[in-house]
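Every number in this text was worked out from the coordinates using simple rules, so none of it is lab data. Note that the coordinates shown come from a computational prediction; the quantities given were computed from them, not determined experimentally. When we count neighbours, we look across all protein chains shown, and the Cβ atoms used for this are built from the backbone with ideal geometry, even at glycine.
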Amino acid sequence: MRKIISLLILTVASHFCYAQFSTVQFSPATFTGEDAVTFTIDLTGTSLAGETEVYIWAFANSGLNDPQYPSKDGYTNTDWGNSPATAKLTSLGGNKWSYTLTGTDLFNPLTLGQLKYFQFLIKTKTGSKQTSDSPKYPFAPVVYVPAVYRLFPSRMNQDDAITVYFYQNLSTDITESRMAPVSMTIKLYNASGVQFGSNITLPVRSLGNKLYSASFIPAVSVAIPAGTTLGSFTYAVNGSYFDVNGATINVTGPENTKTFDVLHF
């Protein structure tokens, strides 16, 4: 009888340790693997209610067994018994919590085309309490939308080799659409929005069909002191065309801005 009672106690304890998964709300409601999405969760009524800190344990494509969609733990899944600060949720009060993630960041190096869905559970830092696994939350497919400029990679930091593609035939700007592209001007800015270093002028390469490109590595293009983090850069195409009198005029198209992403590895 004592063994039966002990087994019953262990079963009940296990039930309370593994809390049922709560309803999750996402903002935006639909998101791709490249979108920053914030979810909120209410842990009222679970074993995690009243906790002052909770952490995420995330995983993508679990159970698919499909080489196109490899399974991958989030970079926050470092040690079950000691979750890192990057896995910590933000308290909203009243047992409500939020967390912001981007699929291609959280599940790096999986690319956009390798992300089908993800799941997670919420736990204490030491893993002594946890929810059950969440449902499978799908990543929305990316819809191709023609654009005058495309950057590769789409998510980047100051150490990446960056290529800016200019689709001149898509431009509705008179200056851009009429010019003969020659170069591209790059300006780097620090995290405070102040320009860092001098303007960088890059030659553009014609790829045919009015498609041009220019490539650079921010951290190589200028000398960046240790500990300095760049916040963004701007880019604009330079070229020339003839005025009504046949004279050559040097022109520059509109300036565009790209903010560097904070990547985790």
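Some points to look at:
- Segments 115-122, 152-159, 219-226 sorted - mean Cβ within 10 Å per residue, highest first: 115-122, 152-159, 219-226
- Fewest neighbouring Cβ atoms within 10 Å first, the residues T46, T102, T229 line up as T229, T102, T46.
- For segment 110-265, fraction of C-alpha pairs farther apart than 28 Å, in %: 40
- A crude spin-label estimate for the pair I249 and K96, with each label 7 Å from Cα along the Cβ direction, gives 5.6 nm.
- Kirkwood hydrodynamic radius (C-alpha pairs) into Stokes-Einstein, the chain, 37 °C and 0.692 mPa s, D in µm²/s: 149
- Each of W97, W80 was scored by other Cβ atoms within 10 Å of its Cβ. Listed from fewest to most, they are W80, W97.
- Converting phi to 3J(HN,Hα) with the Karplus coefficients 6.51, -1.76 and 1.60 and the offset θ = phi - 60°, segment 255-261 yields 8, 10, 10, 10, 8, 5, 8 Hz in sequence order, with x at every glycine or proline.
- CD proxy at 222 nm, helix term only [per DSSP H run n ≥ 4: -39500 (n - 2.57); per residue of the chain; nearest 500]: -3000 deg cm²/dmol
- Neighbourhood charge, 10 Å Cβ-Cβ cut-off, centred on L64 and excluding it, Lys, Arg +1 and Asp, Glu -1: +1
- Cα centroid separation, segment 53-74 to segment 223-265 (Å): 38
- When you restrict to C-alpha pairs under 8 Å that are six or more residues apart and normalise by the size of segment 140-179, the relative contact order lands at 37 percent.
- For segment 2-138, with +1 on Lys and Arg beta carbons and -1 on Asp and Glu, the positive-most of T46, I56, A36 along the dipole: T46
- The order of the peptides 52-64, 126-138 by mean Cβ neighbours within 10 Å, most packed first, is 52-64, 126-138.
- Residues with amide H under 5 Å from that of G74, placed H, sequence gap 5 or more: A58, F59, A60
- Only the Cβ atoms of Lys and Arg (+1) and of Asp and Glu (-1) were treated as charged; on that basis the dipole of the chain about its Cα centre amounts to roughly 580 debye.
- All other residues whose Cβ lies under 12 angstrom from that of A36 are scored, Lys and Arg at +1 and Asp and Glu at -1, for a net of -3.
- Separation of the alpha carbons by more than 18 angstrom is noted, of K72/K136; K88/K125; K187/K210, for K187/K210.
- Rounded to whole numbers, the Karplus 3J(HN,Hα) couplings from phi for segment 108-122 are 3, x, 4, 8, 4, x, 9, 9, 9, 7, 9, 9, 7, 9, 10 Hz, using 6.51 cos²θ - 1.76 cosθ + 1.60 with θ = phi - 60°, and x at Gly and Pro.
- Under-5 Å amide H pairs with M184, H placed in peptide plane, nonlocal only: L202, V204, N238
- Model label points for V24 and S240, set 7 angstrom from Cα along the Cα-to-Cβ axis, are 5.7 nm apart.
- The residue among W97, A219, V204 whose Cα reaches farthest toward the positive pole of the charge dipole of the chain, with charges on the beta-carbon of Lys, Arg, Asp and Glu, is W97.
- Axis angle, to the nearest 10 degrees, between helix 2-17 and the longest C-alpha principal axis of the chain: 20 degrees.
- Estimated vicinal HN-Hα couplings, Hz - segment 37-52 in sequence order (Karplus 6.51, -1.76, 1.60; Gly, Pro = x): 10, 10, 10, 10, 9, 10, 9, 4, x, 10, 5, 8, 4, x, 5, 8
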